[in-house]
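Worksheet for the structure shown next.
The values are calculated or read from the model by the stated rules, or taken from the named source; none is laboratory data. What you are looking at is a predicted structure, and each value in this text was computed from that prediction instead of being measured. No Cβ is skipped: glycine too gets one built from the backbone with ideal geometry, and neighbour counts run over all protein chains shown.
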Amino acid sequence: MIYECHGHIILDGVSYAGAVKLHSNGADETAIRNNLRICADCGVVFYRDGGDKHGVSVLAKQIAGEYGIDYRTPAYIIHKKGFYGGMFGKAFESMQEYRYLVVEAKRLGADFIKTTASGMLDFSKGGVVAGPEMAESELCEMIKIAHCEGFSVMIHANGADSLKRALYAGADSIEHGYFMNADVLRVMAQTGAVWVPTAVTSGNLIGSGKYDDVVLQKIFDDHKAALLEAESLGIPIACGSDAGAACVPQGRGTLDELGVLKSQGIDPTPGNKSIAEKFRRR
């Protein structure tokens, strides 16, 4: 029973540009079916997509059952204009626009809402968190609106400050969570949020020649240490690899992530079940 709690079926783990180009004239069903078949062959029975702006995950949800996969999608990321999320999402400038995008996602069949509290890691600059960070007050209002519409909220967040703000605002799950520290973990333990650490987004890059392996190894090792601390605090941890990201191919990337968790003595089953229960439209 393999769960992929954070993937992007639009991607292939090799070329972002090449994978997205396949859907430039609309969601390409052949490409989607190919990735679903790969996942199914690897034993994946649950797939929570991080969304995209090309309608790929929406179509994937409609056909994933043919491959024995319980598929969930936010339709697209909803992000503040000028903040991380543009590669997979739609931007808002006002809360009125945000509310409209939530309602539109519901119309498209979204199961939950995904938004961003920070940028992504820039490994070329030593693994710093790139881009601006959302204010806690804005995140609170966004999560409140989503919850009122019957949605749980998945938040992309890296860096201790952004992680704290996302948790205080009411995030139902934290995605990635790089640079987690003891203080943030104590907050998370009190909230009931699920952590989807996507550890292989750093670990699988080691030895690829894309970035400095010393930097990557330090980030990966620190992330695994934080996972051990989270486990000791009883924080639910789910298996999500960011499938489709660089060096994280569909199917195999999920198995790689599961391997990392098991190597740390972590059983993601409770976290996986929590994701499956929370991230469905109420």
For the range 191-230, name all the residues that are among the polar types (S, T, N, Q) and over 17 Å from the mean Cα position of the chain (by Cα). Thr191, Ser208, Gln217
Which residues, taken from the range 157-182, are over 20 Å from Gly86 (Cα atoms) and either surrounded by fewer than 15 Cβ atoms within 10 Å (Cβ to Cβ) or among the β-branched types (Val, Ile, Thr) (or both)? Tyr168, Asn181, Ala182
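Out of the residues in the range 256-277 that are within 17 Å of Ser202 (Cβ to Cβ) and not in a loop (DSSP other than H, G, I, E, B), state the one that is farthest from the chain's Cα centre (by Cα).
Of the range 256-277, the ones within 17 Å of Ser202 (Cβ to Cβ) are 256-261, 263-264, 266.
Next, from what is left, pick out any that are not in a loop (DSSP other than H, G, I, E, B): 256-261, 263.
On the way: Asp256: 16, Glu257: 13, Leu258: 15, Gly259: 18, Val260: 17, Leu261: 16, Ser263: 21 Å.
In this case the residue turns out to be Ser263.
Which ones in the range 142-156 are more than 15 Å from Phe83 (Cβ to Cβ) and either of a type outside the set (Val, Ile, Thr) or surrounded by fewer than 14 Cβ atoms within 10 Å (Cβ to Cβ) (or both)? First the steps, then the outcome.
Going residue by residue through the range 142-156, those that are more than 15 Å from Phe83 (Cβ to Cβ) are 143-154.
Result: Lys144, Ala146, His147, Cys148, Glu149, Gly150, Phe151, Ser152, Met154.
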Regarding Ala169, is this residue of a type in the set (A, V, I, L, M) and at pLDDT 95 or above? yes
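Using the structure shown, decide if Ala238 is aliphatic (A, V, I, L, M), crowded, with 23+ Cβ neighbours inside 10 Å and more than 18 Å from Gly126 (Cβ to Cβ). Outline the logic, then answer.
Working: aliphatic (A, V, I, L, M): yes; crowded, with 23+ Cβ neighbours inside 10 Å: yes; more than 18 Å from Gly126 (Cβ to Cβ): yes.
So Ala238 fits the description; yes.
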With respect to Ser173, determine if the residue is over 18 Å from Thr201 (Cβ atoms) and of a type in the set (Ser, Thr, Tyr). no
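Collect the residues in the range 1-28 that are of a type outside the set (Val, Ile, Thr), surrounded by 14 or more Cβ atoms within 10 Å (Cβ to Cβ) and within 19 Å of Val58 (Cβ to Cβ), keeping them in residue-number order. Steps first, please.
Keep residues of the range 1-28 that are of a type outside the set (Val, Ile, Thr), which gives 1, 3-8, 11-13, 15-19, 21-28.
Then drop every residue that is not surrounded by 14 or more Cβ atoms within 10 Å (Cβ to Cβ), which leaves 3-8, 11-13, 16, 19, 22-23, 27-28.
The answer is Glu4, Cys5, His6, Gly7, His8, Leu11, Asp12, Ala19, Leu22, His23, Ala27, Asp28.
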Among residues of the range 98-143 being touching a residue at least 24 places away in the same chain (Cβ under 8 Å) and polar (S, T, N, Q), the residue farthest from Ser57 (Cα to Cα) is Ser124
Test for Thr115: is it crowded, with 19+ Cβ neighbours inside 10 Å, polar (S, T, N, Q) and farther than 18 Å from Asn158 by Cβ: no
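Confirm whether Gly170 is at positive phi and in contact (Cβ under 8 Å) with a residue 40 or more places away in the chain.
Values: at positive phi: yes; in contact (Cβ under 8 Å) with a residue 40 or more places away in the chain: no.
Answer is no for this residue.
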